[in-house]
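Heads up: the structure comes next, in structure tokens.
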Amino acid sequence: MILRFTPPLLQRVLQPLRGTEPTAVLIRSTARQQWRFLGVSLGTSLLQAISEGGTLALIFLAVEALGKTEATNWGSNPILSRVPALAEWLQGFSGPVLFLVLLGSAVGLQLLQSLAQYLNGLSVDWFAARCRARITARIQSQILALSFACASSYRVGDLLDQAGQGPEAIRIEIETLNQLLLSGLLILAYLAILVGISPWLLAVAVAMAVLLASLQRRLLPAIRRQAQRVNEAQVGIAMRSTEDIQGLRMLHSSGQLDAADLSFRGRMEALERGLRGQALLTNIVNPLSGLLPVVALAVVALASVLLFGARSTGILPSLITFMLALQRLNTRLATCAGLMGTQAVNQARLARLNALLRPEDKIFRRRGGVPFQGLERDIRFEGVALRYGPEAPEVLSAIDLVLPKGSTLALVGASGAGKSSIADLLVGLYAPSRGRILVDGSDLLSIDLASWQQRLGVVSQDTFLFNASLAENIAYGCPWATAADIEAAARQAQAAGFIQALPQGYATLVGERGYRLSGGQRQRISLARAVLRRPELLILDEATSALDSQSERLVQEAIERFERRHTVLVIAHRLSTIVKADQIVVMDHGRIVEQGHHADLLKRGGLYAGLWRQQVGGSEAVVRAD
């Protein structure tokens, strides 16, 4: 069976630990830190192999001693003849006494082996736990370190699957490698016993090794390919399941529940076919590995009679010990075959994990720069353009804007005009493709991004709330906030009324993504969160779009009070909410087409005036607005 551990095979087994792949680097660095665990694992593996070999040797001697009634010469024994000092010492014992001594020693070695097995499993599990903790943190850090543009290119289900499957793949790899090491050492121990009894009979084991190695060379590539297909199907199912659950409201409201269920069942049927195909391959190895030993044992029994037939003693002990060692050797061979199959399947998971953790072809969020202390004069856009990909069309072109401190600037225009893209640039989710954004004369790209974003307040159309209490959601990102601060922010956002009406008040849990609240309530909580931050710049992206008329009026009053003392960027669909803005910018197809005060824009009779007439009414409304 030593042919199983040829250098190419050993390289393939150790491939996950070699090279510069992120998982390999992490395992190696963890191994250097946790070398004591690996030392215990290696030492206990060696101890198990030595104990196993010693146990078989003692069984051989015990069976032979059982047939002797008085002291005898052990020098001719095929095992003891290699250890003359031990053979001479045993000559003083009679058969029955020696049988009990040897049997007790064998039991003692097995107890030692059991202890070594326990310590081995414990050390490996502790090392795997450390690697699992590090890889889980590494996956999360990698996702959070990506720029928003890069992170948003991944599907949520894919990232969730990576976070769940990645650490498990590391655990499987470590435990598989440990079991392969232990099995290899035990195989060497069995081979030593077999050689000690009869080198000729070892040819049977070698023949089995050739057959099994040939079988695996044919099966492993097919197993890997099938595992890759199954893994891709599982990722697709995870992503579809996540999207269906997140989009339950849309599925219900559009009558697509049955279609979604049918589509998901189709994916599951495809996965079932893939798993069955994988099972056809992975389940071939073990039955064949079990059949070969039976054939081999029959051959060994016949060969042993021919080889030992001329020997007056030791035929039965030699045959029993050889058959026992060969049976255990075959068990380990089957174990190795199964472990190799497991490792082949696990390679697909590791490959996906490495693809996520590999820094190449990824854009990471900007770090470093000058800390932002506060807005002193203004924010300027100079010739700013934006495209979301190298081959994508420009969504913004030649944007020139000035947002003075303490003023309110409103962006209006049809959907897709580029209003939210300007907000995304200000927040730092994307960087300009051309041009620059200046904050008090300094390029925004030269400012520490985190310090800038921490001084912003953003209320968007897609309000996200954590599954936590209302107070925790309002105070998110403001660890200094007291209960009084939270309540004051809620009052300013017109949220205090409905919060106090709840049985648990500010301690009420909002549920996943705030599903226990209405859309208007979620937006008011988001506004309270933004107000509590005391932002240098408040960005309102359709902040009142989900509110009824009364709530919108209340929130609008709160925003107007806030606007008097702060710099505000408003993206509005309802033009009636921005008539008092210091500056209104009208956008169309990514460009600024009009700019000015409400009354001036109405007098020009351009795009803004047309939008106003559509929402408010005819010329009488224009006159009244004037």
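Quick one: in the range 362-386, of everything that is charged (D, E, K, R) and modelled with pLDDT of 80 or more, which residue is farthest from LEU456 (Cα to Cα)? Filtering first and then ranking leaves GLU382.
Name the single residue, out of those in the range 440-477 being acidic (Asp, Glu) and touching a Lys or Arg at 6+ places or on another chain (Cβ under 6 Å), that is nearest to ARG529 (Cα to Cα). It comes out as ASP440. Can you tell me which residue is nearest to ASN354 (Cα to Cα) among those in the range 12-22 that are part of a helix (DSSP H, G or I) and at pLDDT below 80? Across the range 12-22, the extreme among qualifying residues is PRO16.
Within the range 177-224, take every residue that is in contact with a Pro (Cβ under 9 Å, 6 or more places away or on another chain) and in a helix (DSSP H, G or I) and give me the one that is modelled with the lowest pLDDT. Can you show your working first?
From the range 177-224, those in contact with a Pro (Cβ under 9 Å, 6 or more places away or on another chain) are 177, 196-198, 208; that's our starting set.
Filter once more, so that each one left must be in a helix (DSSP H, G or I): 177, 196-197, 208.
Numbers: LEU177: 83, GLY196: 72, ILE197: 71, MET208: 61.
Only one residue fits best here, namely MET208.
Restricting attention to the range 497-537, the residues that are in contact with an Asp or Glu (Cβ under 8 Å, 6 or more places away or on another chain) and over 20 Å from SER460 (Cα atoms) add up to 1. Pairing each residue of the range 446-472 that is on the phi < 0 side of the Ramachandran plot and modelled with pLDDT of 85 or more with any residue that is among the aromatic types (Phe, Trp, Tyr) and in a helix (DSSP H, G or I), provided the two are 6+ apart or on different chains, yields C-beta distances under 6 Å for LEU470/TYR506; ALA471/TYR506.
Applying the criterion of being of a type outside the set (A, V, I, L, M) and in contact with a Gly (Cβ under 7 Å, 6 or more places away or on another chain) to the residues of the range 584-608, the residue that is surrounded by the most Cβ atoms within 10 Å (Cβ to Cβ) is GLY590. Of the listed requirements (1) under 21 Å from LEU538 (Cβ atoms); (2) touching a residue at least 40 places away in the same chain (Cβ under 8 Å), ALA495 misses just one: (2).
So is PHE99 among the aromatic types (Phe, Trp, Tyr), modelled with pLDDT under 85 and outside any helix (DSSP H, G or I) or not?
no
With respect to (1) buried (at least 16 other Cβ atoms within 10 Å of the Cβ); (2) in a strand (DSSP E or B); (3) of a type in the set (A, V, I, L, M), the lone exception for ALA423 is condition (2).
Note on the range 482-491: residues that are surrounded by fewer than 18 Cβ atoms within 10 Å (Cβ to Cβ) and of a type outside the set (D, E, K, R) total 4. The residues of the range 24-39 that are of a type outside the set (Phe, Trp, Tyr), assigned to a helix (DSSP H, G or I) and more than 17 Å from LEU357 (Cβ to Cβ), listed by number, are ALA31, ARG32, GLN33, ARG36, LEU38, GLY39.
A single entry from GLY428, GLY435, GLY383 fulfils the requirement of being over 30 Å from LEU160 (Cα atoms), touching a residue at least 12 places away in the same chain (Cβ under 8 Å) and touching a Lys or Arg at 6+ places or on another chain (Cβ under 9 Å): GLY383.
The values are calculated or read from the model by the stated rules, or taken from the named source; none is laboratory data. Keep in mind that what you see is a predicted model, and the values were worked out from it rather than measured. Ideal geometry is used to build each Cβ from the backbone, glycine not excepted, and the neighbour counts take in all protein chains shown.
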